[in-house]
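The values are calculated or read from the model by the stated rules, or taken from the named source; none is laboratory data. As the structure is a prediction and not an experimental result, all values here were calculated from the model. When we count neighbours, we look across all protein chains shown, and the Cβ atoms used for this are built from the backbone with ideal geometry, even at glycine. To get the accessible areas, we keep the full protein, side chains included, count just its heavy atoms, and leave off ligands, DNA and RNA. Shrake-Rupley method; radii C 1.70, N 1.55, O 1.52, S 1.80 Å.
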Amino acid sequence: MRGIVLLGAPGAGKGTISQCVLANSNLTHLSTGDILRHGVKTGSKFGRAAEGYMKQGQLVPDDIILELVESELDDVSRDTTFLFDGFPRTPPQVKGLDAAMDHHGGSVTHVFYLDTPREILISRLSGRRLCKQCGAGYHLTNIPPKKPGICDACGGQLYQRPDDSEETIIKRLDVYKAQTESLIAIYDLRGLLLRINSNQDPGKAANEILTMMAS
Ligand code: AP5
């Protein structure tokens, strides 16, 4: 088992770039944010535990996240390569991921840090819209749908994530700075960190990632 980590602030483009990477590789996507949002919708154990934290823009406690990730790693083939999106997010989650990979005979081999200026993060998050039906992502000005409010792919209605309100965006960026930013130095010291300019076409950023993974 192998782990590739996409590290970056809220709005850095982790989800968008993941989709471009996945379209051109056979990696297995693991987004803790997506799993938790699905859990909130369906009322799963993890969703119920996480909902309050997510609404406030706080991180979900490490023990819940690590239990969730461990359950996702169980029963997958040993030659799976995971693309972790939004995980790990704290030093204890880094340790938890190391232990989980070790347990499955693998390790984290690359950490791609999506470097994005704060003003761009705010504009991306406040303009983000998602399809209620198929989950496709848009941005009011950067990636607008052909018809306002309607998904190009399936005709579903577009909505704004509840944690993309102005107040919660600022909270999430502060939480990132306080609790997640230190992971850049942790992975840099291990020689695993690779910087990607995420202020470019997402397809180009994904190609850089795929090229670096292959070399
Ligand atoms: P999560 O879903 O992981 O949210 P996040 O980290 O805040 O990241 P986002 O999904 O908001 O941004 P993104 O980087 O994926 O950007 P995107 O590609 O969408 O987590 C949500 C919550 O769950 C957390 O707050 C926390 O409560 C909880 N949680 C999740 N994981 C956790 C963990 N490990 N530990 C504890 N709690 C956890 O892009 C944003 C917008 O920009 C889009 O509109 C897109 O179209 C646009 N865009 C993207 N790239 C580009 C580009 N290159 N050019 C132009 N526009 C672009």
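From the list Leu130, Leu121, Leu173, Leu183, which one is assigned to a strand (DSSP E or B) and closer than 30 Å to Gly52 by Cβ? So that I can check it myself, show each step before the final result.
Values: Leu121 fails: assigned to a strand (DSSP E or B); Leu173 fails: assigned to a strand (DSSP E or B); Leu183 fails: assigned to a strand (DSSP E or B).
Going through Leu130, Leu121, Leu173, Leu183 in turn, just one is assigned to a strand (DSSP E or B) and closer than 30 Å to Gly52 by Cβ: Leu130.
Being over 18 Å from the mean Cα position of the chain (by Cα), of a type in the set (A, V, I, L, M), loosely packed, with under 14 Cβ neighbours inside 10 Å and at pLDDT 95 or above is the requirement here; does Ala178 meet it? Spell out the reasoning first.
Working: over 18 Å from the mean Cα position of the chain (by Cα): no; of a type in the set (A, V, I, L, M): yes; loosely packed, with under 14 Cβ neighbours inside 10 Å: yes; at pLDDT 95 or above: yes.
When the stated conditions are applied, Ala178 does not pass them.
Check Glu208 against each of (1) of a type in the set (Asp, Glu); (2) under 17 Å from Ala12 (Cβ atoms); (3) exposed (fewer than 15 other Cβ atoms within 10 Å of the Cβ) and name the one condition it does not meet.
All conditions pass for Glu208, except number (3).
Results for (1) surrounded by 12 or more Cβ atoms within 10 Å (Cβ to Cβ); (2) modelled with pLDDT of 95 or more, shown as yes or no for each residue.
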| position | (1), (2) |
| --- | --- |
| Gly105 | no, no |
| Val111 | yes, yes |
| Leu114 | yes, yes |
| Cys131 | yes, yes |
| Asn142 | yes, no |
| Pro145 | yes, yes |
| Ile150 | yes, yes |
| Cys154 | yes, yes |
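Can you work out which of the residues in the range 66-79 that are part of a helix (DSSP H, G or I) and open to solvent by 10 Å² or more (accessible area, probe 1.4 Å) is nearest to the ligand (Cβ to nearest atom)? Walk me through how you get there before you give the answer.
The first filter runs over the range 66-79 and keeps only residues part of a helix (DSSP H, G or I), leaving 66-73.
Then drop every residue that is not open to solvent by 10 Å² or more (accessible area, probe 1.4 Å), which leaves 66-67, 70-72.
Details: Leu66: 9, Glu67: 12, Glu70: 13, Ser71: 14, Glu72: 12 Å.
So, considering only residues that are part of a helix (DSSP H, G or I) and open to solvent by 10 Å² or more (accessible area, probe 1.4 Å), the one nearest to the ligand (Cβ to nearest atom) is Leu66.
Out of the range 136-169, which residues are away from the ligand (no atom under 12 Å from the Cβ) and in a helix (DSSP H, G or I)?
Hits for the range 136-169 are Glu166, Glu167.
Taking Ala49 as the residue in question, decide whether it is among the small types (Gly, Ala, Ser), buried (at least 16 other Cβ atoms within 10 Å of the Cβ) and in a loop (DSSP other than H, G, I, E, B).
On the way: among the small types (Gly, Ala, Ser): yes; buried (at least 16 other Cβ atoms within 10 Å of the Cβ): yes; in a loop (DSSP other than H, G, I, E, B): no.
When the stated conditions are applied, Ala49 does not pass them.
Select from the range 186-207 the residues that are away from the ligand (no atom under 12 Å from the Cβ) and assigned to a helix (DSSP H, G or I) and list them in ascending order.
From the range 186-207, those away from the ligand (no atom under 12 Å from the Cβ) are 186-195, 207; that's our starting set.
Listed by number, the residues that qualify are Ile186, Tyr187, Asp188, Leu189, Asn207.
Could you tell me whether Phe82 is near the ligand (Cβ under 9 Å from one of its atoms), in contact (Cβ under 8 Å) with a residue 60 or more places away in the chain, surrounded by 16 or more Cβ atoms within 10 Å (Cβ to Cβ) and of a type in the set (Phe, Trp, Tyr)? Can you show your working first?
Working: near the ligand (Cβ under 9 Å from one of its atoms): no; in contact (Cβ under 8 Å) with a residue 60 or more places away in the chain: yes; surrounded by 16 or more Cβ atoms within 10 Å (Cβ to Cβ): yes; of a type in the set (Phe, Trp, Tyr): yes.
When the stated conditions are applied, Phe82 does not pass them.
Name the one entry in Leu194, Leu189, Leu140, Leu173 that is in contact (Cβ under 8 Å) with a residue 12 or more places away in the chain and within 29 Å of Thr81 (Cβ to Cβ).
On the way: Leu189 fails: in contact (Cβ under 8 Å) with a residue 12 or more places away in the chain; Leu140 fails: within 29 Å of Thr81 (Cβ to Cβ); Leu173 fails: within 29 Å of Thr81 (Cβ to Cβ).
One residue alone meets the criteria, Leu194.
Considering only residues that are within 10 Å of the ligand (Cβ to nearest atom), more than 9 Å from the chain's Cα centre (by Cα) and open to solvent by 10 Å² or more (accessible area, probe 1.4 Å), which ones fall in the range 17-35?
Once the filter is applied, which keeps residues that are within 10 Å of the ligand (Cβ to nearest atom), more than 9 Å from the chain's Cα centre (by Cα) and open to solvent by 10 Å² or more (accessible area, probe 1.4 Å), the range 17-35 yields Gln19, Cys20, Ile35.
Using the structure shown, decide if Leu7 is within 11 Å of the ligand (Cβ to nearest atom) and in contact with a Ser or Thr (Cβ under 9 Å, 6 or more places away or on another chain). Can you show your working first?
Numbers: within 11 Å of the ligand (Cβ to nearest atom): yes; in contact with a Ser or Thr (Cβ under 9 Å, 6 or more places away or on another chain): yes.
It is true that Leu7 is within 11 Å of the ligand (Cβ to nearest atom) and in contact with a Ser or Thr (Cβ under 9 Å, 6 or more places away or on another chain).
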